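Please read the structure below before turning to the comments.
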Amino acid sequence: MGQAEKRLAGMRRNPAGDWTIDDIAVVCRAYGIDCVPPARGSHYDISHATRRRS
């Protein structure tokens, strides 16, 4: 099991854990999910090619 898979398993076991944006980014990259930092503000944009907004 790779690093991303271990982190995702940990997130599923403990969703309220002390996860950082770096943890989220590692999992996103492993699954081909875009994790775009905010231009302003604090909300990241998370998207996948199969679930793009129109």
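Values in this text are rule-based calculations from the coordinates and carry no lab data. Just so we're clear, the structure is a prediction, and the values are computed from it rather than from any experiment. FYI the Cβ positions are ideal-geometry reconstructions off the backbone, even for glycines, and counts take in every protein chain you see.
Miscellaneous remarks
- Any hit, the range 3-10, residues being in a strand (DSSP E or B) and either within 10 Å of the chain's Cα centre (by Cα) or surrounded by fewer than 10 Cβ atoms within 10 Å (Cβ to Cβ) (or both): no
- Tally, over the range 17-53, of residues that are touching a helix residue (DSSP H, G or I) at 6+ places or on another chain (Cβ under 9 Å) and part of a helix (DSSP H, G or I): 7
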